[in-house]
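Note sheet for the following structure.
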Amino acid sequence: MWFEQVVFWALAVTAIAGAVGVVMVRDLFRAALLLATVFVAVGGFYVLMNAEFLAVVQILIYVGAIAVLFIFGVMLTRDVQQGNAPNRLQIPAAVVSVLLLTAMVFTAVTTDWTTLAGAGLETKSQIAQTQAVGIPDASRLVDSGLSAQEVDSVAGGGLADLLIGQFVLPFEAVSLLLLAAAIGGLALARGRGR
Amino acid sequence: MSLESMLVVAAVLFCIGLYGALARRNFIAVLMSIELMFNGVNLTLVAMGRWLAPYAVQETLSAVLTGQVFAVFIITVAAAEIALGLGIVFAMFRTNESVDLTDAAAMRH
């Protein structure tokens, strides 16, 4: 368990220091690279939380696509070294952010959460989550000491089942949104008259 | 590592992103800050799915993946937002010759 703690704190320090750098560093190109660091650290958090598929998606889409798009966009800034200047709202923005942070941390720490461990579901839910992608392997489930009834309740879940089953309507809506965004981005970047 | 510590990290990421989105002048820097906020929200969703046991989870265990499904949708929406946002950046650069948001406040074309 101590190894998990060490990795968690290392990732937390990386993510938060990187995020502070993104909003503080004057050089926009460095801000974009720091943003990619934050994305990788968040991917590490997903691995720690048994969300391996999401970690792969995070690296592919955020680091592979979005960070590269940002670096393209940075070329449009005339003065890249000094491009990340603050505006007049700096102090009110800091006050609002700190107030919101205080409220959220207070809520997170003082709420009495009903956790999986408290409900005795920790092992089963971990198995269900690590089987988020791939074919459920019933023999592995039996080996982990579950009864046959519990195996039935765990096997056959998976991210794909949820995406195509229960969440199929938002899934289709989001694919339509992506298509519209791609066409809209093309139309905006192409300009009128050409 | 616990639910609380993960929620605190996510809240810190979100608030840093909020500060950046409100206080930066460069359009691209504002978009970067919005991505930080998205990442904070995604961390919260996955952490809730990983540690919390609402009634839905006790009924069917596949419900523990709901948080991850939401995060997948948010990542898709973030990708769409960046595609459109950079299109707007290009259009703004063509008309204004800069991507400074204080220049864009004049609303001339």
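The values are calculated or read from the model by the stated rules, or taken from the named source; none is laboratory data. In this text, all values refer to a predicted model and were calculated from it rather than measured experimentally. Neighbour counts are summed over all protein chains in view; Cβ atoms, including those assigned to glycine, are modelled from backbone coordinates with ideal geometry.
When A:Ser153, A:Ser139, A:Ser125 are checked against the criterion of being more than 24 Å from the chain's Cα centre (by Cα), modelled with pLDDT under 75, part of a helix (DSSP H, G or I) and at the interface with chain B (Cβ under 8 Å from one of its Cβ atoms), A:Ser153 stands alone in meeting it. Restricting A:Phe45, A:Phe8, A:Phe70 to those that are under 21 Å from B:Ile82 (Cα atoms) and of a type in the set (A, V, I, L, M, F, W, C) reduces the list to A:Phe70.
For first residues located in the range A:163-180 and farther than 12 Å from B:Thr76 by Cα and more than 8 Å from chain B (Cβ to nearest Cβ), partners that are among the aromatic types (Phe, Trp, Tyr) and surrounded by 11 or more Cβ atoms within 10 Å (Cβ to Cβ) and lie 6+ apart or on another chain with Cβ distances below 9 Å form the pairs A:Ile164/A:Phe171. A:Ala103 meets all of the listed conditions (1) surrounded by fewer than 18 Cβ atoms within 10 Å (Cβ to Cβ); (2) modelled with pLDDT under 90; (3) not β-branched (Val, Ile, Thr) but one, namely (2).
Yes/no per residue for (1) more than 9 Å from chain B (Cβ to nearest Cβ); (2) basic (Lys, Arg); (3) under 17 Å from the mean Cα position of the chain (by Cα); (4) over 17 Å from B:Met37 (Cα atoms):
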position	(1), (2), (3), (4)
A:Val25	yes, no, no, yes
A:Val47	yes, no, yes, yes
A:Gln58	no, no, yes, no
A:Ala65	no, no, yes, yes
A:Ile71	yes, no, no, yes
A:Ile91	no, no, no, yes
A:Val96	no, no, no, no
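Residues in the range B:8-39 that are more than 7 Å from every other protein chain (Cβ to nearest Cβ) and in contact (Cβ under 8 Å) with a residue 60 or more places away in the chain: 2 in all.
Those helices (runs of 4 or more DSSP H) of the range B:29-104 in which 2 or more residues are under 21 Å from A:Leu178 (Cβ atoms) and either among the basic types (Lys, Arg) or modelled with pLDDT of 85 or more (or both) occupy B:66-96.
For B:Met48, are the conditions met, namely being without any contact (Cβ under 8 Å) to a residue 60 or more places away in the chain and either more than 7 Å from every other protein chain (Cβ to nearest Cβ) or not polar (S, T, N, Q) (or both)?
Working: without any contact (Cβ under 8 Å) to a residue 60 or more places away in the chain: yes; either more than 7 Å from every other protein chain (Cβ to nearest Cβ) or not polar (S, T, N, Q) (or both): yes.
Answer is yes for this residue.
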